[in-house]
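A.B. asks: First, the structure itself, so that you have it in front of you.
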Amino acid sequence: MKFSINRDAFLKPLQVVSGAVERRHTLPILANLLLQVENGQLKLTGTDLEVELVSSVALESADMDASVTVPAKKLVDIVRSLPDGSVIEFTAEGDSATVKSGRSKFKLSTLSADDFPNIDDWKSDIQLVTEQGILKDLMEKTHFSMANQDVRYYLNGMLFETDSGMLRSVATDGHRLAMSTCAIDQPGLTQRQVIVPRKGVVELLRLLGEDEHEVTVSIGNNHIRVETPELMFTSKLVDGRFPDYRRVLPSGGDKVVIADRDTLKQAFSRASILSNEKFRGVRLNLSSGELCITATNPEQEQAEEIIEVDYQGDDLEIGFNVSYLLDVMNNIDEEQVSFTLSDSNSSALIEPQHDESCCYVIMPMRL
């Protein structure tokens, strides 16, 4: 196997696909990338058996179609350290590969491409096309509410739901829930729910651009695939049943508070400085036209913030985890946010005032 390629053209797809490679692995070959030369193109593949990333790049020259696997991290570090614009000559023979550029030369050990695990062939039941920016925005508005290493494994990921002309993402860790919906110009979409694992969500957020370039999403029984012109991302789905998020959405709240998002965010941020580092609780005291936010900690220190809000109703005292409140404030784009509350023991529904495409639910804390 022999090919030459410009360093800058090689580095980007290398960095993209190496994101799927796990540092800690049981199979030595999972630390490697699969390089395949086919018809003047170099195809790079990285996987951890759960997520697979494939990217292609045109070669300046190649002698024949062949394939080999090389250590991912070492190859990325070598290519990254070479000067901009340099030409790399790659040669693989036997159980080693040589990377040459100018007067630099590196010899790497290789493993057979025949042993590289590929995600099995599968058929997609649902296919939809949207813009990269729309899909990324949909995921960014909910991903922070995913659980992390929860025993309820189905919470360690994000729910994607398709329905006629609609794509929705939902994430929850049992204490809070985030939901976002976008319109897809495909009226015939069938109703379907799948759970994408946490690593797949994190990788997708890293890879997707914020532009109008098209992205194709294919969903099968056990896999989801997202394709852009430069990249093919495939992830296994979580085999589990996501909680019925509709039952979690609070209804019947009679206390509606409307406030400036930036003012709230800054007040929560300052109050959080003196909140309990472990429980992160803040107390909200609501009265006509005013919200008082207080935080205390075991050292008997206290923070108090008073802000003006649009509220006419009975007084209410309720506690929340301030980190959850700040996550929501950081992910709402509108200037005004609305809190719908009923009593001190019921969840709060938080929404941008004039945008119905996303909403957030936070359970109260006893303080």
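The values are calculated or read from the model by the stated rules, or taken from the named source; none is laboratory data. No experiment lies behind these values; they were computed from the predicted model shown. Neighbour counts run over all protein chains shown; Cβ positions are idealised from the backbone, glycine included. For accessibility, only protein heavy atoms count, side chains too; no ligands or nucleic acids. Shrake-Rupley method; radii C 1.70, N 1.55, O 1.52, S 1.80 Å.
A.B. asks: Using only the alpha carbons, work out the radius of gyration and Dmax of region 233-357 in angstrom.
C.D. replies: Rg and Dmax of region 233-357, Cα atoms, are 16.2, 52 Å.
A.B. asks: Here's something else I'd like to know. Using a simple spin-label model with points 7 Å from Cα along the Cα→Cβ vector, what separation in nm is obtained for HIS175 and ARG206?
C.D. replies: It works out to 2.6 nm between the two label points.
A.B. asks: Now a separate question. Provide the solvent-accessible area of TYR245, counting protein heavy atoms only and rolling a 1.4 Å probe, rounded to the nearest 10 Å².
C.D. replies: The value for TYR245 is about 10 Å².
A.B. asks: Please compute the Kirkwood hydrodynamic radius over the chain, one decimal place, Å, based on all pairs of different Cα atoms.
C.D. replies: One decimal place: 23.3 Å for the Kirkwood radius.
A.B. asks: Let me ask you something else. What accessible area per residue comes out for the chain, rounded to a whole number of Å², with a 1.4 Å probe?
C.D. replies: With all protein chains present, the chain gives 50 Å² per residue.
A.B. asks: From the helices alone, meaning DSSP H stretches of at least four residues, give me the mean residue ellipticity at 222 nm for the chain, per-run term -39500 (n - 2.57), in deg cm²/dmol to the nearest 500.
C.D. replies: Taking each H run of at least 4 residues, the total per residue is -5500 deg cm²/dmol.
A.B. asks: Which is the longest part of the chain that has none of the trypsin sites (Lys or Arg not before Pro) sitting in a DSSP loop with at most 15 other Cβ atoms within 10 Å?
C.D. replies: 153-240
A.B. asks: Oh, and also: Which lysines does LYS12 reach when only Cα atoms under 28 Å apart count, and residues fewer than 8 places away in its own chain are ignored?
C.D. replies: Those lysines meeting the cut-off are LYS2, LYS43, LYS73, LYS74, LYS100, LYS105, LYS107, LYS136, LYS141, LYS199, LYS236.
A.B. asks: Also: Residues in region 106-126 near a label at GLN41, defined as backbone nitrogen under 14 Å from the 7 Å Cα→Cβ point?
C.D. replies: none
A.B. asks: Nearest 10 degrees, 0 to 90: what angle lies between the long axis of helix 322-331 and the longest principal axis of the chain (Cα atoms)?
C.D. replies: Taking Cα atoms only, the helix is inclined about 60 degrees.
A.B. asks: Take every Cα pair under 8 Å in the chain that's 6+ residues apart, average their separations, divide by the length, and report that relative contact order as a whole percent.
C.D. replies: So the answer I get is 13 percent.
A.B. asks: With a sphere of radius 9 Å drawn around the Cβ of PHE90, what net charge do the other residues whose Cβ falls strictly inside it have (Lys, Arg +1; Asp, Glu -1)?
C.D. replies: +1
A.B. asks: Determine the order of ASP355, ASP173 by accessible area, beginning with the largest, at a probe radius of 1.4 Å.
C.D. replies: Descending accessible area places them as ASP355, ASP173.
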